[in-house]
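The values are calculated or read from the model by the stated rules, or taken from the named source; none is laboratory data. The shown structure was predicted, so the numbers you read here are calculated from the model rather than taken from an experiment. FYI the Cβ positions are ideal-geometry reconstructions off the backbone, even for glycines, and counts take in every protein chain you see. Ligands, DNA and RNA are excluded from the accessible area calculation, which covers all protein heavy atoms including side chains. Shrake-Rupley method; radii C 1.70, N 1.55, O 1.52, S 1.80 Å.
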Amino acid sequence: MPMVTTPSIFRRPKRSASGPATSEPDGPASPALTLSPLRRGRGDPCFHDAPDGAIWRTSMMRSGPVTARIIRSAPDTVDCEAWGSGAMEFTETLPALLGADDDASGFSPDEPTIAELHRRVPHLRLGRTGRVLEALIPAVLEQRVYGIDARRAWRRLVTRFGAAAPGPAPAHMRVPPGADVWRRIPSWEFHLANVDPGRARTIVGCAQRADSLERLCGRSPEQARMALMSLPGVGEWT
């Protein structure tokens with residue numbers, strides 16, 4: 001069970017042979033703000049807010065499934081425990097997930113509302129999961145439908161086809177399906193989840209190109225954007 005303690009999300013952790021990864025404090029961390037966009041509704045089987053303030057998250061990493069428990073133990077300290085074959089990879093990418101790669105230097109908005117929000121929440125950072133298909137499929141589900149319908153479809157499909165979450169995860173949690181599983185979901189299962197044939201075809205098509213999609217993390221934002229928009233059913237708003 002890898003464990004990483006990050007006293008700051010703004011510098012890469014230093015890992016010693018005898019203890020968890022650590023880094024030098026350089027500002028407050030706010031995992032709740034940074035990770036909240038990854039949650040697909042209150043019933044998301046891949047995301048759970050615990051009463052003790054911890055955030056539970058599951059993911060399908062390149063090295064396998066992972067369950068992670070992330071909690072801010074001090075204003076500038078985030079602790080993470082992870083279980084599963086993808087646990088080590090997850091903890092190694094935790095700084096990026098919590099916004100270590102989000103460089104706000106030079107960001108000085110002129111628009112009054114944005115400037116005021118930036119003043120009030122200077123510690124907000126945008127995270128990077130590094131899991132393209134895992135972000136793309138729920139975005140496709142959210143096309144052309146009400147949010148509540150998209151969240152219901154995501155919950156049904158992941159609960160039905162996702163794997164059991166490793167470790168001591170809350171009972172309802174599941175690991176999102178991998179590309180090979182998405183490719184094999186029958187059309188009637190999409191229908192039962194109220195996903196129309198167009199979105200279903202887009203999801204299956206994206207899953208068929210999963211390896212190429214994951215390599216987009218190494219491209220420039222513009223190159224990645226153009227490559228994504230070349231996929232049938234993936235447009236500007238996706």
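For ILE148 and SER73, what does the FRET efficiency come to when R0 = 30 Å and r is the distance between their Cβ atoms, rounded to the nearest 0.05?
0.30
So with the 1.4 Å probe, I'd like the accessible area per residue for the chain, rounded to whole Å². Present the calculation step by step, with values, prior to reporting the outcome.
Values: 12610 Å² over 238 residues.
Result: 53 Å² of accessible area for each residue.
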Please give the contour-minus-distance gain from SER220 to ASP52: 0.36 nm per residue of separation, less the Cα-Cα distance, rounded to one decimal in nm.
-> 56.6 nm
Counting only protein heavy atoms, what percent of the accessible surface of the chain is carbon or sulfur at a 1.4 Å probe?
-> 55 percent
Everything considered on the Cα gyration tensor (a ≥ b ≥ c; rounded for a/c under 1.5, else prolate if a/b is larger than b/c, else oblate), region 185-238 must be described as prolate
Residues meeting the amide H criterion for MET61 (H placed from the backbone, H to H distance under 5 Å, 5 or more places apart or on another chain) are VAL66
If you plug each phi of region 33-50 into the Karplus form 6.51 cos²θ - 1.76 cosθ + 1.60 with θ = phi - 60°, what whole-Hz ³J(HN,Hα) values come out, in order, with x for Gly and Pro?
-> 5, 5, 8, 4, x, 7, 8, 9, x, 5, x, 4, x, 9, 8, 8, 8, 8
The alpha-carbon center of region 51-71 and that of region 120-156 are separated, in whole Å, by 16 Å
Using amide H atoms built 1.01 Å from N in the peptide plane, name the residues 5+ places from ASP76, or on other chains, whose amide H lies under 5 Å from its own.
-> ALA29
With -39,500 (n - 2.57) per DSSP H segment of 4 or more residues and division by the full residue count of the chain, the 222 nm estimate, nearest 500 deg cm²/dmol, is -9500 deg cm²/dmol
Qualifying chymotrypsin sites (Phe, Trp or Tyr not before Pro) for region 100-184 [loop in DSSP, other Cβ within 10 Å: at most 14] = PHE107, TYR146
Dipole magnitude of the chain, debye to nearest 20 (Cβ charges: Lys/Arg +1, Asp/Glu -1, about Cα centre) | 720 debye
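Let a ≥ b ≥ c be the square roots of the eigenvalues of the Cα gyration tensor of region 34-111; is it rounded (a/c under 1.5), or, if not, prolate (a/b larger than b/c) or oblate? Walk me through the numbers on the way to the answer.
On the way: a/c = 1.72, a/b = 1.48, b/c = 1.16.
Taking the square roots of the gyration eigenvalues as a ≥ b ≥ c, region 34-111 is prolate.
Restricting the count to DSSP beta bridges whose residues both fall in the chain, what percent are antiparallel, rounded to a multiple of 5?
Working: 24 of 25 bridges.
Taking every DSSP beta bridge with both residues in the chain, the antiparallel ones total about 95 percent.
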Go ahead and run the numbers for FRET between ALA115 and ALA227, Cβ-Cβ distance against an R0 of 45 Å, rounding to 0.05.
-> 0.85
What percent do you get for the relative contact order of the chain when only Cα pairs under 8 Å and 6+ apart count?
-> 19 percent
Mind giving me the nanometre distance, one decimal, between the label points for ALA32 and VAL181, set 7 Å out from Cα along Cα→Cβ?
-> 3.0 nm
Rounded to the nearest 0.05, FRET efficiency between ASP102 and ARG209 (Cβ-Cβ, R0 30 Å) equals 0.65
In nanometres, the difference between 0.36 nm per residue of separation and the alpha-carbon distance of ARG62 and ARG42 is 4.6 nm
